[in-house]
1. In the stretch 2-16, which residues are open to solvent by 50 Å² or more (accessible area, probe 1.4 Å), without any contact (Cβ under 8 Å) to a residue 40 or more places away in the chain and in a helix (DSSP H, G or I)?
2. Quickly run through the stretch 20-47 and pick out the residues that are surrounded by 12 or more Cβ atoms within 10 Å (Cβ to Cβ), within 30 Å of E57 (Cα to Cα) and small (G, A, S).
Amino acid sequence: MATKKPENLSFEQALEELSTIVSDMEQGDLSLEQSLKQFERGIALASASSGKLQQAEQKVSILMGNGEKSVLTNFDNDMELL
């Protein structure tokens, strides 16, 4: 089964995979090459998750109308949040 790109995973899926990677690396049974590959995947998952979280926070901020003086940036609704 092919591994999905981090940006194509849901927030929850990315966190679950990241948790598995951390657990596998903590056990210390991976070779150096496998560890580096998993570390690289983990960084990509964390970055994609952070971006999705920021988008969700911005959407909530917009919906809550955080003050009239708040400066809003463009909201990119291309990524599925739910």
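The values are calculated or read from the model by the stated rules, or taken from the named source; none is laboratory data. Everything quoted here is computed from the prediction, not taken from an experiment. Virtual Cβ from ideal backbone geometry, glycine too; neighbours counted across all protein chains shown. Heads up: the accessible areas ignore ligands, DNA and RNA and are worked out on the full protein's heavy atoms, side chains in. Shrake-Rupley method; radii C 1.70, N 1.55, O 1.52, S 1.80 Å.
1. Hits for the stretch 2-16 are N8, E12, Q13, L15, E16.
2. Across the stretch 20-47, the qualifying residues are G42, A44, A46, S47.
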